[in-house]
Every structure is written in C-alpha cells, then in structure tokens.
1. Which of the peptides 265-275, 143-153, 196-206 is most tightly packed, and how do the rest follow, judged by the mean count of other Cβ atoms within 10 Å per residue?
2. How far is it, in nm, from the label point at residue 191 to the one at residue 69 when both lie 7 Å from their Cα along the line to the Cβ?
3. Test of understanding: what is the full-extension gain from residue 243 to residue 270, defined as 0.36 nm times their sequence separation minus their Cα-Cα distance?
4. Fewest to most neighbouring Cβ within 10 Å: what's the order for 116, 216, 55?
5. Provide the gained length on full extension for the span residue 43 to residue 76, in nm with one decimal, where the gain is 0.36 nm per separating residue minus the Cα-Cα distance.
6. Please work out the Cα center distance from the range 136-154 to the range 56-101, rounded to the nearest Å.
7. Evaluate E = 1/(1 + (r/R0)^6) for residue 157 and residue 116, where r is the Cβ-Cβ distance and R0 equals 35 Å; express this FRET efficiency to the nearest 0.05.
8. Can you sort 85, 220 so the residue with the fewest Cβ neighbours within 10 Å comes first?
C-alpha cells in the first residue's frame with residue numbers, strides 16, 4: 001500500500017516478522033553433518049515469470065498509464081494465478097481460522113516481491129478482521145488479485161462536476177479544503193478465486209479500503225510505486241455520508257444519489273494507527289530478469 005523508494009514505509013514498518021510463512025520457505029533449520037551437495041535451482045512458475053515480463057513491457061517509465069491491451073494482458077495473467085505460484089498455500093497456519101498467534105498481533109503484513117522505479121509487486125497479508133484503511137494512489141495504476149481468503153472492499157473516485165450543483169453555503173468544501181466529494185465505486189465482498197480489479201489515477205476506485213472477513217493474501221501490481229520524493233505520497237481518508245455536510249431538503253439530498261451511485265464526502269486525515277504494517281522477507285519463487293525459467 002504505502003511503500004516508498006528504498007523499501008521504507010511511511011507509516012513506520014516494524015521489525016521483520018515471520019508470521020505468514022511460505023510453502024518453500026525454511027521456517028526452522030536443524031544442524032546436520034557437513035556434506036557437499038549439488039545446489040538445486042528453484043524454477044519460477046510460468047505464470048509468475050509471465051507476470052514479471054508483462055509488467056516490464058507495460059510500465060516503461062514512472063509515467064505510464066497502461067493501454068487497454070496491456071490491461072487486458074495483465075488481467076488475464078493475474079486471473080489465472082494461484083497462491084502456489086508465489087509460494088503460498090491455504091494450508092499455512094496463517095490462513096487457518098482461529099489462529100491464536102495472529103490474534104495477538106492483528107496488523108497487516110506485507111512482502112515486496114520485486115521493485116524498480118517503474119513498478120512493484122507486493123503481497124499483503126490481512127489477518128481475520130484486519131484492515132488496510134481508506135487511502136489513495138496518486139498517479140498510479142494498481143492491479144489487485146485476491147489469492148486467498150474473503151474480504152470486503154470499498155472504493156471511491158473524486159467527483160468535480162457535481163460541485164456546481166451544490167449550494168456552497170450547505171457544505172464544508174468552502175470551509176475545509178481537506179473535504180472533497182467522491183463517488184462510491186465499489187462496496188462489495190470478494191472471495192478467492194475472483195477476477196482481478198484495476199484502479200487508475202482518476203478512475204476505477206483510486207481510493208480504497210480492504211477489510212478481511214477471513215485471513216487473506218492480496219497480490220498487488222503497482223505502477224509506479226509510492227514515492228514521496230516524486231510526489232506520490234500516500235494520503236488517508238475518512239468517509240462521511242453525503243448528508244453529513246449538507247443541511248438540505250430531501251429533494252436536494254437526492255442530488256447525492258444517481259441511480260445506484262452514491263456520493264460521499266472524503267476527509268483527509270492523519271496517518272491512522274491501523275495503517276502500520278509488519279514487513280517480512282519474500283521467500284517465494286525468485287522473480288526478475290535473472291530468475292531461472
């Protein structure tokens with residue numbers, strides 16, 4: 001979500017923890033007598049290598065907005081990807097209901113699979129009831145693939161055209177520049193396996209929030225990555241019903257609704273406490289130009 005240049009996270013990444021685990025990761029090591037063995041080469045799953053190559057071809061620079069062709073290609077690859085392609089399994093302790101170890105530390109965990117100036121590949125692990133709070137993706141395109149679990153997603157896009165229809169005396173836009181009107185784009189529950197969701201710099205639900213119903217793993221392709229230095233810092237928001245900042249009649253209130261599209265006010269807030277994440281080392285299959293295939 002909020003990964004910056006150099007792998008640092010704006011909201012204070014804590015010491016690395018290993019509360020997720022990987023299928024091929026070494027959780028514990030036993031001392032063995034020394035003997036010379038031939039080192040085996042871990043092959044990259046075809047889907048993972050195809051994802052990397054497609055990302056490299058799509059995000060040519062930090063200013064790239066993927067073409068429809070590239071969006072379709074990336075979605076096809078991600079739609080076919082399985083948890084095992086990144087070294088995960090639903091049999092891991094993290095994904096089992098009632099995990100007491102996870103309950104003691106319910107924060108979200110992330111791991112960075114690959115990162116360059118143009119794009120990054122990250123996996124977010126949300127324990128049951130874990131939340132990635134409402135945040136934005138300035139100038140970014142993000143592909144999100146739910147690999148495991150069940151989660152609720154809520155997303156918004158900014159709205160400008162409706163401002164002229166509102167009575168300036170009846171909303172806080174004139175009083176508080178941190179409050180803006182937004183349209184609700186998604187308010188639904190996703191269950192893996194499901195289709196890939198895509199957000200763009202100004203459309204597709206650029207501000208979103210994830211809440212895990214069961215333990216989840218979400219693979220994100222982020223292009224370009226967050227970078228405070230380059231003006232892509234992460235902002236957080238609190239959503240308010242349209243009525244909250246309007247003292248209007250019911251007829252005027254209907255301006256806050258358009259069919260099934262509902263308008264809300266988003267208030268920019270300080271970095272929330274539940275945005276803090278634990279970072280762990282990526283122990284899945286290798287990825288990159290030098291990875292064996």
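Nothing in this text is a laboratory measurement; each read-out follows from the coordinates by a stated rule. Owing to the predicted nature of the structure, the values given are computational and were not obtained by experimental measurement. Counting neighbours? That spans all protein chains shown, and the Cβs are built from the backbone with ideal geometry, glycine included.
1. On the way: 265-275: 15.9, 143-153: 21.5, 196-206: 17.9.
Ranked by mean Cβ neighbours within 10 Å, highest first: 143-153, 196-206, 265-275.
2. Rounded to a tenth, the inter-label distance reads 3.8 nm.
3. Values: separation 27, 0.36 × 27 = 9.72 nm, distance 2.31 nm.
Result for the pair: 7.4 nm of gain on full extension.
4. Least to most surrounded, the residues fall as 116, 55, 216.
5. On the way: separation 33, 0.36 × 33 = 11.88 nm, distance 2.17 nm.
Gain on extension, residue 43 to residue 76, equals 9.7 nm.
6. The two parts, judged by their Cα centres, are 10 Å apart.
7. Values: r = 28 Å, r/R0 = 0.79.
Efficiency at R0 = 35 Å is approximately 0.80.
8. On the way: 85 21, 220 18.
Arranged by neighbour count, lowest to highest, 85, 220 become 220, 85.
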